[in-house]
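Engineer: Below you will find the structure I want to go over with you.
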């Protein structure tokens, strides 16, 4: 039996957002291999915000004074203690929508990409080094294709 993600969605944005079922599907697809290796379900919070909160968090945690599409906050386990918690994603709805329009992508496809991207960060993927970026992008393209979405990097 495959483990699931218990998803807590906190929507404080006024912008249009995907429904919880889609968010759940995308998060579980991104974490599928990880979930299969676990002995129990995992918890994930997705907080959907507007620009002001995104900018504040991006400034506090990344020293970048502008809103961003997605921020990932992995749960850091205390030594000798295990909690089945992946972490938190903070997604800025207006930024995601604006990026999709600017990049001429379907908004839903860009939402899926941001959720997949954020969950992969929670699982330890990164894109700072070129080889890591290539690996992460390849996985994102594969997962998005499974959902029927085009390669976002073309």
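The values are calculated or read from the model by the stated rules, or taken from the named source; none is laboratory data. Computed from a prediction, not measured in an experiment: that's the story for all the values here. Please note: Cβ atoms are built from the backbone with ideal geometry, for glycine as well, and neighbour counts cover all protein chains shown.
Engineer: Looking at this structure, is residue 86 farther than 13 Å from residue 122 by Cβ and in contact (Cβ under 8 Å) with a residue 60 or more places away in the chain?
Structural biologist: No: the conditions fail for residue 86.
Engineer: For the stretch 143-154, which positions are within 23 Å of residue 88 (Cα to Cα) and surrounded by fewer than 20 Cβ atoms within 10 Å (Cβ to Cβ)?
Structural biologist: Passing the criteria: only 147.
Engineer: Looking only at the stretch 11-36, which residues are in contact (Cβ under 8 Å) with a residue 12 or more places away in the chain, outside any helix (DSSP H, G or I) and either within 14 Å of the chain's Cα centre (by Cα) or closer than 14 Å to residue 108 by Cβ (or both)?
Structural biologist: Of everything in the stretch 11-36, those that are in contact (Cβ under 8 Å) with a residue 12 or more places away in the chain, outside any helix (DSSP H, G or I) and either within 14 Å of the chain's Cα centre (by Cα) or closer than 14 Å to residue 108 by Cβ (or both) turn out to be 15, 16, 17, 18, 31.
Engineer: Out of all the residues in the stretch 82-101, which are within 18 Å of residue 149 (Cβ to Cβ) and assigned to a strand (DSSP E or B)?
Structural biologist: The answer is 91, and nothing else.
Engineer: Still on this model: Filter the stretch 65-74 down to the residues that are part of a loop (DSSP other than H, G, I, E, B) and under 14 Å from the mean Cα position of the chain (by Cα), then identify the one that is surrounded by the most Cβ atoms within 10 Å (Cβ to Cβ).
Structural biologist: 69
Engineer: A follow-up question, please. Read through the list (1) out of contact with any strand residue (DSSP E or B) (no Cβ under 8 Å at 6 or more places or on another chain); (2) touching a residue at least 12 places away in the same chain (Cβ under 8 Å), then give the number of the only condition that residue 64 fails.
Structural biologist: Residue 64 satisfies every listed condition except (2).
Engineer: Among the listed residues 149, 153, identify the single one that is farther than 21 Å from residue 54 by Cβ, in contact (Cβ under 8 Å) with a residue 40 or more places away in the chain and assigned to a loop (DSSP other than H, G, I, E, B).
Structural biologist: It is 149.
Engineer: Within the stretch 126-133, can one find any residue that is within 24 Å of residue 7 (Cα to Cα) and modelled with pLDDT under 95?
Structural biologist: Yes, there is a match, as at least one residue in the stretch 126-133 is within 24 Å of residue 7 (Cα to Cα) and modelled with pLDDT under 95.
Engineer: Condition (residue is in contact with a helix residue (DSSP H, G or I) (Cβ under 6 Å, 6 or more places away or on another chain), assigned to a loop (DSSP other than H, G, I, E, B) and exposed (fewer than 14 other Cβ atoms within 10 Å of the Cβ)) applied to the stretch 53-64: is it met by at least one residue?
Structural biologist: Yes; the residues of the stretch 53-64 include at least one that is in contact with a helix residue (DSSP H, G or I) (Cβ under 6 Å, 6 or more places away or on another chain), assigned to a loop (DSSP other than H, G, I, E, B) and exposed (fewer than 14 other Cβ atoms within 10 Å of the Cβ).
Engineer: Additional query: Could you tell me which numbered condition residue 142 fails, if it satisfies all but one of (1) free of Cβ contacts under 8 Å to residues at least 60 places away in the same chain; (2) touching a helix residue (DSSP H, G or I) at 6+ places or on another chain (Cβ under 7 Å); (3) assigned to a helix (DSSP H, G or I); (4) within 26 Å of residue 38 (Cα to Cα)?
Structural biologist: (2)
Engineer: Taking residue 58 and the conditions (1) more than 21 Å from residue 149 (Cα to Cα); (2) in contact (Cβ under 8 Å) with a residue 24 or more places away in the chain; (3) touching a strand residue (DSSP E or B) at 6+ places or on another chain (Cβ under 9 Å), which numbered condition does it fall short on, given that it satisfies the others?
Structural biologist: Looking at each condition in turn, residue 58 falls short on (2).
Engineer: Would the stretch 131-141 turn up any residue that is surrounded by fewer than 17 Cβ atoms within 10 Å (Cβ to Cβ) and on the phi > 0 side of the Ramachandran plot?
Structural biologist: Within the stretch 131-141, none of the residues are surrounded by fewer than 17 Cβ atoms within 10 Å (Cβ to Cβ) and on the phi > 0 side of the Ramachandran plot.
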